[in-house]
Amino acid sequence: MTESRRLLQHFLAALAYRTQKALRGAPDGFGEFSAGDNLRTPFELVWHMTGVIGYARTMMHGGTFTPPRLPTFADEIERFHATLQALRDDFGSTALTATISDEQFLQGPLSDAMTHAGQLAMLRRMAGSPVASENFIFAHVDADNVSAAQAEPAAPDSWWRPDLPPGPPGKRPSPDAGDS
């Protein structure tokens with residue numbers, strides 16, 4: 001397997017990690033949370049993410065991928081991870097030839113899906129259940145694991161509190177330092 005394919009597999013694992021971080025501990029009913037008219041709910045976002053990853057697979061298998069809506073949010077999350085696994089396996093196969101470059105996979109469908117993982121985290125805050133911040137550099141992302149069973153944060157930000165607004169970018173001082 002090429003180094004770029006290994007990197008794409010790692011990107012899929014990072015996508016699984018960030019998606020689960022946004023979904024883990026979400027309140028009941030989060031899947032149907034609406035931030036406004038004509039905006040996707042979390043359920044619809046994960047459904048769309050499944051479609052985007054399935055579309056990426058068509059670049060190796062041909063055809064089309066139009067997944068029907070599943071009955072529950074939990075079902076859709078399970079299908080999303082199964083679709084991630086299928087694409088991860090595709091990237092590991094030397095028998096498949098893609099119709100686009102690895103760079104195009106990254107700049108197109110994979111980046112699109114990662115954007116939506118961030119939207120899920122934003123919707124959590126809007127739904128009154130913000131996701132704790134962490135330093136993702138130290139996250140335990142395993143390229144072999146694109147399942148829903150992702151590691152807990154390795155380096156959560158100790159200063160984070162759900163009742164505080166998000167702060168500016170950069171390293172934040174500890175609350176005990178007296179200068180916040």
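Bear in mind these aren't lab numbers, they're just calculated from the coordinates by the rules spelled out. All of these numbers come straight from a predicted model, not from anything done at the bench.
Observations
- Taking Cα atoms only, the orientation of helix 73-92 departs from the longest principal axis of the chain by about 60 degrees.
- Remark on residue 134: its backbone amide H falls under 5 Å from those of 157, a criterion applied only to residues 5 or more positions apart or on other chains, H modelled at 1.01 Å from N.
- Across 92, 128, 167, mean-square fluctuation computed from a Gaussian network of the chain (C-alpha pairs under 10 Å connected) peaks at 167.
- Potential lengthening between residue 96 and residue 136 on full extension [0.36 nm per residue; Cα-Cα distance subtracted]: 11.2 nm
- Hz values of 3J(HN,Hα) by residue in the stretch 37-43 - Karplus curve (6.51, -1.76, 1.60), Gly and Pro given as x: 5, 6, 10, 5, 7, x, 4
- In the elastic network of the chain, a GNM with C-alpha springs shorter than 10 Å, the most mobile of 63, 51, 25 is 63.
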